[in-house]
1. Net charge near Phe116: determine it from the other residues with C-beta under 14 Å of the C-beta of Phe116, scoring Lys and Arg +1 and Asp and Glu -1.
2. Over all directions, how big on average is the projection of the convex hull of the alpha-carbon atoms in the chain, in square nanometres?
3. For the Cα atoms of the chain, what angle does the longest principal axis make with the long axis of helix 41-72, in degrees from 0 to 90, nearest 10?
4. Would you tally the net charge around Ala67, using a Cβ to Cβ cut-off of less than 14 Å, leaving Ala67 out, and scoring K and R as +1, D and E as -1?
5. So which of Lys7/Lys41; Lys31/Lys110; Lys2/Lys124 end up more than 29 Å apart, counting from Cα to Cα?
6. Quick one: net charge around Leu9, please, counting Lys, Arg +1 and Asp, Glu -1 for every other residue with C-beta under 14 Å from its C-beta.
7. Looking at the range 53-115, which trypsin sites (Lys or Arg not before Pro) are DSSP coil and have at most 15 other C-beta atoms within 10 Å of their C-beta?
8. How far is helix 80-98 tilted off the main Cα axis of the chain, in degrees rounded to 10, range 0 to 90?
Amino acid sequence: MKNLIFKVLGYILFRFLVFFIVIHLIDKNVKWVEPSDLRNKEDWFMFLWLFLVPILIEMILLTLPFAYGLNKIINAGNKRVIIWGLFILLFLCEFAIYKWVIPIEYLVWKVIISIFLFLFLFRKRLLNPKIVI
């Protein structure tokens, strides 16, 4: 289970990285933060508040539910549909929370990226539960 928790943490970090890259590519008004842009304490605070805090909140709130569901899907048998429903519920919760923070077009991209990477990175565990990654 400990190994699975680290994989889920890596998934959350990786999806934020991919999300930031995609947003940078699709919106020409978005620019990378340069170290020279961070001149005083307020700039650093805003930078950490916007980029570090959401990642930490997601890690705290979503790591254990995802790891628990991925761990239980191995022996779920007929209850796999319930666990798939829980994953869908987690993605809907993410959508509901972030709709207050980021514009809807970015949010759609974030959820698409999240689901795609989740299915891609955990496909062996999700589709064939006897093969454990």
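1. Net of charged neighbours comes to +2.
2. 9.0 nm²
3. For 41-72 against the chain, the angle is about 0 degrees.
4. In short, +3.
5. In this structure, Lys7/Lys41 exceed 29 Å between Cα atoms.
6. That sum, taken over residues with Cβ under 14 Å, equals +2.
7. Lys99
8. 10 degrees
Just so you know, all these numbers are worked out from the coordinates, no wet-lab data involved. Note that the structure is predicted; figures quoted are calculated from it, not measured. We place every Cβ from the backbone using ideal geometry, glycine too, and count neighbours over all the protein chains shown.
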